[in-house]
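Enquirer: Submitted below is the structure of interest, expressed as structure tokens.
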Amino acid sequence: MTQKFRPDISPPFLSGGSDRDLNLQSTLQELQLYKFQVETSTTAAEVARVFEKYPLLPGVVLVEEGNYIGMISRRRLLELFIRPYGQELFFQQPLAIFYSYVRTPVLLLADSTSILAAMQLAMRRSPELMAEPVVVKTESDIYFLLDVQELNIACWQIRGIETQVRYERSQVQMIQNDKMASLGRLVDGIAHEILDPVGFIWGNLTYISKYSQDLLKLIAVYEKTSPEPTKEIIHFKEEIEFDFIEQDLSKVLTSIYTGAERLKKLVTSLQNFCHIDEVYPKPADLHRCIDNILLLINSRIKKEIQVITNYGHLPPVYCFVGQLHQVFMNILSQAVDVLLDEAVRLQLNQAPDGKVETPRIEIKTSVISQPSHNSQIPDSRWVSIRITDNGPGMSKEFQQQIIESFSVEKRADKETSLAVSYRIVTARHGGKFNLRSEVGIGTEFEILLPLV
């Protein structure tokens, strides 16, 4: 015989959830939710018959004249019935009386709540409430019930996905690290091969300069001892433009000297950037590290961006210098990209007065002290490296996205250069990585490294 219900009791409804696979951002609306609500005037016997017909129904949502009142779980209802005289006292009573007797705290969440966050909130409940279903509210003020076991299964599925993603990322990172190490060794070898001929040029320039000056002096002595040169000598001096050669030779040698010096610095900077760190940190000159990176990206900066270095007096800092090279490269490259893009935008939308502020990057270093929370412990000393630009700045929302990418919970998402820099500074060096930005003013990255 078909089970019939009172006209004011709607049969339970099970939502189908979402057809998409669960991921780290999945919300409660993607799970199967039960919709079953009754007025508080409904008797416990009528609800018990519904539970008997639908054994998976976790509970019932109570409303009074259409307004949400609370929730009674299947477990609470059955526990009260099996008590001595429970059925005689409550079976035919309205749910309002039953709810006032067994009222328990209810976890009410929006359907936009992420599954992982909902599981954390559910697990924070007291032990006697762990099995209680969760009430899920939609934007249209419709209330559903979520079985906590379904939430637990979905959470474990997502954790499995997260573990798999992290494993795959670790494998990709290992391959990438191996590639970078191989590339670093290759570039270091090429740089070494370039330095050899540069060394030959550099070493012989002194002799060439001396020999050329001696030859010019010898010619001057000949002219002094033989004031009347032959027509052939006069003709040859005019043909080779001897007077110009005499004046320009020193300039040519100086130009060769400058070019060899610049090439040597560039190749040395490339070697330092590709340096493979040892197991233990070593003392390094941070100013030299920053100058090396500025030299490498100089071709992008050219005359479009003004770089101001305001270096303080820094002691050698124990660090993994190769990794810090990567941090400085990431931050400076991002600042250059932002400033160049902003410069192009301003040129396309130039103000009527034609005034455009020169793109600028300022690098300031200093040693600072931070007070200790314990009066018996002396203040800690840190090396501060602040890289500031006068670009368009970042909105609060974009800054929050960057900060969230630093957290452990977001590490399964797409990797960014700033997230890598954050972990190098904090995890590898025990430092701090601060971001400050204001729209229309600019952005500042501050790196704090502890002094041992």
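Enquirer: As a test question: what accessible area, to the nearest 10 Å², does Cys289 have when a 1.4 Å probe is rolled over all protein chains in place?
Expert: 10
Enquirer: Please work out how much length the chain gains when fully extended from Ile208 to Glu64, using 0.36 nm per residue of separation minus the C-alpha to C-alpha distance, in nm with one decimal. Please list the in-between numbers first.
Expert: Details: separation 144, 0.36 × 144 = 51.84 nm, distance 10.16 nm.
Gain on stretching Ile208 to Glu64: 41.7 nm.
Enquirer: Once the other residues with Cβ under 12 Å from the Cβ of Tyr68 are scored (Lys, Arg +1; Asp, Glu -1), what is the net sum?
Expert: That works out to -3.
Enquirer: At 7 Å along the Cα-to-beta-carbon direction for both Arg381 and Ile153, put a label point, then send me their distance in nm to one decimal.
Expert: 6.2
Enquirer: Full extension from Val187 to Ile402: what is 0.36 nm times the residue separation minus their Cα-Cα distance, to one decimal in nm?
Expert: Here the segment from Val187 to Ile402 would lengthen by 74.2 nm.
Enquirer: What distance in nm separates the two pseudo spin-label positions at Asp141 and Ile245, each 7 Å out from Cα along the beta-carbon direction?
Expert: Taking the simple label geometry, Asp141 and Ile245 are separated by 9.9 nm.
Enquirer: Which residue, chosen from Ile256, Val221, Leu286, occupies the Cα position most advanced towards the positive end of the dipole of the range 211-289, where the dipole is computed from +1 (Lys, Arg) and -1 (Asp, Glu) charges on Cβ about the Cα centre?
Expert: The residue sitting most towards the positive pole is Leu286.
Enquirer: Could you report the accessible area of Thr230 in Å², rounded to 10, computed with a 1.4 Å probe on the protein chains as they sit in the structure?
Expert: Approximately 80 Å² for this residue.
Enquirer: Counting only residues 5 or more places away or on other chains, whose amide H sits under 5 Å from the amide H of Leu56 once H atoms are built in the peptide plane?
Expert: none
Enquirer: Note down the nm distance, to one decimal, between modelled labels 7 Å out along Cα→Cβ at Tyr280 and at Asn434.
Expert: Distance between label points: 3.2 nm.
Enquirer: For a test of the definition: using alpha carbon positions, the gyration tensor, and the 1.5 limit on a/c, classify the range 223-296 as rounded, prolate or oblate.
Expert: Cα axes put the range 223-296 in the prolate bin.
Enquirer: Let me ask something additional. Are there GluC sites (Glu not before Pro) in the range 230-300 that DSSP marks as loop and that have at most 13 other Cβ atoms within 10 Å, and which are they? Each step should come with its number before you reach the end.
Expert: On the way: sites: Glu232, Glu238, Glu239, Glu241, Glu246, Glu261, Glu278; in loops: Glu241, Glu278.
For GluC sites (Glu not before Pro) across the range 230-300 that sit outside H, G, I, E and B with at most 13 neighbouring Cβ atoms in 10 Å, the list reads Glu241, Glu278.
Enquirer: On the full set of protein chains, 1.4 Å probe, figure out the accessible area of Tyr34 and give it in Å² to the nearest 10.
Expert: Counting only protein heavy atoms, Tyr34 exposes about 30 Å² to solvent.
Enquirer: So if each residue of separation counts as 0.36 nm, and I subtract the Cα-Cα distance between Ser255 and Glu228, what length gain in nm does that give?
Expert: Stretched fully, the Ser255-Glu228 segment lengthens by 6.2 nm.
Enquirer: Which sequence of Arg262, Arg75 reflects their accessible areas, 1.4 Å probe, from the largest down?
Expert: Accessible-area ranking of Arg262, Arg75, largest first: Arg262, Arg75.
Enquirer: Quick check for me: using +1 on Lys/Arg Cβ and -1 on Asp/Glu Cβ, what's the dipole size of the range 245-306 about its Cα centre, in debye to the nearest 20?
Expert: 160
The values are calculated or read from the model by the stated rules, or taken from the named source; none is laboratory data. Note that the structure is a prediction, hence the values are computed from the model and not measured. Positions of Cβ are generated from backbone atoms using ideal geometry, with glycine treated the same way; all protein chains shown enter the neighbour counts. Surface areas here come from the heavy atoms of the whole protein model, side chains and all, with no ligands, DNA or RNA. Shrake-Rupley method; radii C 1.70, N 1.55, O 1.52, S 1.80 Å.
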